[in-house]
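Step one of this worksheet: look at the structure below.
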């Protein structure tokens, strides 16, 4: 395989570890913090996790290592969507295991959780691991979205572990994957299998965070990648001076990616779903807000601009959420087949009109036909609308176009509006990790090894104080149950990790809110450029604007 010069250089990069993890394995001991409880529904969560609930948070500090000396045989999986730095979690875990005892073994199960169930694996060695150091992607063992959630699956995993002598499983994933890790850990404890489970916080969406988890890995690299592209688009817009660019970015359940990208690039418009929900903004109000920026800039002779749209924005619009819920009910059971059998869109439209309430039909009627039809595309496994298939960037550009036409007819607008659409998703998921993500991920893996050595089960690998240089990072662990609450899923109450939404009273959003009125009218673009790997620390090791503002 031919390698690029950058790829060869990245293989040679030595990730930075927290100071405590550089001291040598024999000089690391545990400092116990206080007992923990879940973020909500404490009694219910405690009842569901009697063997793993309420454990102490811990940090590692300098001192005599008191862990039992034994050979460790560990299995690891990558779960869910890709995030930059995942390879380095495995590299850090591998290096930590080998530093502890050269005879330790690391199994990589292929294709995510299904690899554990199907016993499909590779045993890592130096030659294989070295091919993936500091690189993007999950191709080292692949990933998957199979959920580990049934007793039958847990029993199979226990048998696989027993077969290979595995005493610990590391699950690298997002909120759903780490919820599954907690349930698996409880099963192993209840059945006295002797197998530990450790989680690692991954998602580019940035919604796996709390007072303990300052940042999920991959968020830094992904948002820097998107910001580079948005900055390039802004420069092109400012050069051509004739296009409005509507850029949808990842973030189905929260708007962290949109906010961070906006903080880095200062576009004219950035919608924040959490604010839309808080203010109960209608589609018409959002459209007016964007159209005001277009019209005000046109009055200055600037018929160009950039708007950032979070992927899941429509789910935050109250009237749209009600519409989606009604559509899900309308197509429940046999109605899906009846609807699909109708020969033409006009027939389907009549079916919809007869089945929706007057209020929801009024919302449906103002949508562009393209978006109306997208609401009735292929359903998810539960028969619900797949909101991710809705091209919200096109929805708002079409509605703004109609709005501006009305303004022009009324004589209040005389500009030109030429929209261009973009969706930034896969471009950021497998990018070469930034120095921050390369360091952070390697530290999470190395730290997971220490949690395994000390016998912890149902814990998340935790590295904090991330706004400081890596030497000052704090390594430790927290019970996964601390992040849990009860939510309604598919008609049942289930314990899940609570997603972190953008905090409207938090420093990052306040910084944005104080400046966006100027950005909407003026041309205040920032062009961050490509991720830098070599050079001064203030260029190469800089963290996200979100984290910097939160920790200022």
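The values are calculated or read from the model by the stated rules, or taken from the named source; none is laboratory data. Bear in mind that the values here come from a model prediction, so they are computed numbers and not experimental data. Note that we place each Cβ from the backbone using ideal geometry, even for glycine, and neighbour counts take in every protein chain shown.
Flag set for residue 482, criterion: touching a residue at least 24 places away in the same chain (Cβ under 8 Å), outside any strand (DSSP E or B) and surrounded by 13 or more Cβ atoms within 10 Å (Cβ to Cβ).
Might you check whether a residue that is loosely packed, with under 13 Cβ neighbours inside 10 Å, in contact (Cβ under 8 Å) with a residue 40 or more places away in the chain and either assigned by TED's automatic domain parsing to the domain that holds residue 422 or within 30 Å of residue 271 (Cα to Cα) (or both) occurs anywhere in the range 364-379? Checking the range 364-379: not a single residue is loosely packed, with under 13 Cβ neighbours inside 10 Å, in contact (Cβ under 8 Å) with a residue 40 or more places away in the chain and either assigned by TED's automatic domain parsing to the domain that holds residue 422 or within 30 Å of residue 271 (Cα to Cα) (or both).
Out of 466, 460, 444, one residue alone is part of a strand (DSSP E or B) and under 18 Å from the mean Cα position of the chain (by Cα). It is 460.
Against the definition (part of a helix (DSSP H, G or I), within 30 Å of the chain's Cα centre (by Cα), surrounded by fewer than 18 Cβ atoms within 10 Å (Cβ to Cβ) and at pLDDT 90 or above), how does residue 353 come out, yes or no? So residue 353 fails the test. Given the conditions (1) without any contact (Cβ under 8 Å) to a residue 40 or more places away in the chain; (2) surrounded by 15 or more Cβ atoms within 10 Å (Cβ to Cβ), which single one is not true for residue 65? With (1) without any contact (Cβ under 8 Å) to a residue 40 or more places away in the chain; (2) surrounded by 15 or more Cβ atoms within 10 Å (Cβ to Cβ) applied to residue 65, the lone miss is (1).
Tell me yes or no: at least one residue of the range 141-154 is surrounded by fewer than 23 Cβ atoms within 10 Å (Cβ to Cβ) and in a strand (DSSP E or B). Yes: one or more hits. Can you name the residue in the range 103-130 that is touching a residue at least 24 places away in the same chain (Cβ under 8 Å) and part of a loop (DSSP other than H, G, I, E, B) and, of all such residues, is surrounded by the most Cβ atoms within 10 Å (Cβ to Cβ)? Among those residues, the one meeting the criterion is 112. Let me confirm something: among 384, 303, 296, which residue is touching a helix residue (DSSP H, G or I) at 6+ places or on another chain (Cβ under 9 Å), more than 20 Å from residue 252 (Cα to Cα) and in a loop (DSSP other than H, G, I, E, B)? Unique residue meeting the criteria: 303. Restricting attention to the range 467-479, the residues being crowded, with 17+ Cβ neighbours inside 10 Å and in contact with a helix residue (DSSP H, G or I) (Cβ under 6 Å, 6 or more places away or on another chain) number 4.
All of 185, 181 fail the test of being farther than 25 Å from residue 256 by Cα and either touching a helix residue (DSSP H, G or I) at 6+ places or on another chain (Cβ under 8 Å) or part of a loop (DSSP other than H, G, I, E, B) (or both), apart from 185.
I want to confirm something. Restricting to the range 239-255 and keeping residues that are out of contact with any strand residue (DSSP E or B) (no Cβ under 9 Å at 6 or more places or on another chain) and at pLDDT 95 or above, which single residue is nearest to residue 396 (Cα to Cα)? Step by step, filter the range 239-255, then rank; the result is 242.
The set of residues in the range 51-78 that are closer than 13 Å to residue 476 by Cβ and part of a loop (DSSP other than H, G, I, E, B) contains only 55. Determine whether residue 170 is closer than 20 Å to residue 49 by Cβ, in contact (Cβ under 8 Å) with a residue 24 or more places away in the chain, over 26 Å from the mean Cα position of the chain (by Cα) and crowded, with 19+ Cβ neighbours inside 10 Å. No.
Okay, residues lined up against (1) at pLDDT below 95; (2) touching a strand residue (DSSP E or B) at 6+ places or on another chain (Cβ under 6 Å); (3) under 22 Å from residue 166 (Cβ atoms):
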| site | (1), (2), (3) |
| --- | --- |
| 3 | yes, no, no |
| 17 | no, no, no |
| 38 | no, yes, no |
| 54 | no, yes, no |
| 105 | no, yes, yes |
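Given the structure, is residue 536 more than 22 Å from residue 177 (Cβ to Cβ) and more than 22 Å from the chain's Cα centre (by Cα)? Yes. Inspection of the range 516-528 identifies at least one residue that is under 23 Å from the mean Cα position of the chain (by Cα) and at pLDDT 95 or above. The residue list 408, 338 contains one member that is assigned to a helix (DSSP H, G or I) and modelled with pLDDT under 95, which is 338. Name the single residue that is farthest from the chain's Cα centre (by Cα) among those in the range 414-426 being closer than 10 Å to residue 250 by Cα and surrounded by fewer than 21 Cβ atoms within 10 Å (Cβ to Cβ). Filtering the range 414-426 for residues that are closer than 10 Å to residue 250 by Cα and surrounded by fewer than 21 Cβ atoms within 10 Å (Cβ to Cβ), the one farthest from the chain's Cα centre (by Cα) comes out as 423. Being outside the structural domain of residue 213 (by TED's automatic domain parsing), surrounded by 14 or more Cβ atoms within 10 Å (Cβ to Cβ), more than 20 Å from the chain's Cα centre (by Cα) and not in a helix (DSSP H, G or I), is that true of even one residue in the range 489-511? Checking the range 489-511: at least one residue is outside the structural domain of residue 213 (by TED's automatic domain parsing), surrounded by 14 or more Cβ atoms within 10 Å (Cβ to Cβ), more than 20 Å from the chain's Cα centre (by Cα) and not in a helix (DSSP H, G or I).
Okay, residues lined up against (1) in a helix (DSSP H, G or I); (2) farther than 20 Å from residue 500 by Cβ:
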{"position": "263", "(1), (2)": "yes, no"}
{"position": "281", "(1), (2)": "no, yes"}
{"position": "285", "(1), (2)": "yes, yes"}
{"position": "290", "(1), (2)": "yes, yes"}
{"position": "314", "(1), (2)": "yes, yes"}
{"position": "320", "(1), (2)": "yes, yes"}
{"position": "332", "(1), (2)": "no, yes"}
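Within the range 215-236, being more than 23 Å from residue 138 (Cα to Cα), in contact with a strand residue (DSSP E or B) (Cβ under 7 Å, 6 or more places away or on another chain) and surrounded by fewer than 23 Cβ atoms within 10 Å (Cβ to Cβ) holds for one residue alone: 233. Just one of the numbered conditions (1) within 30 Å of residue 393 (Cβ to Cβ); (2) modelled with pLDDT of 95 or more is not true of residue 471: (1).
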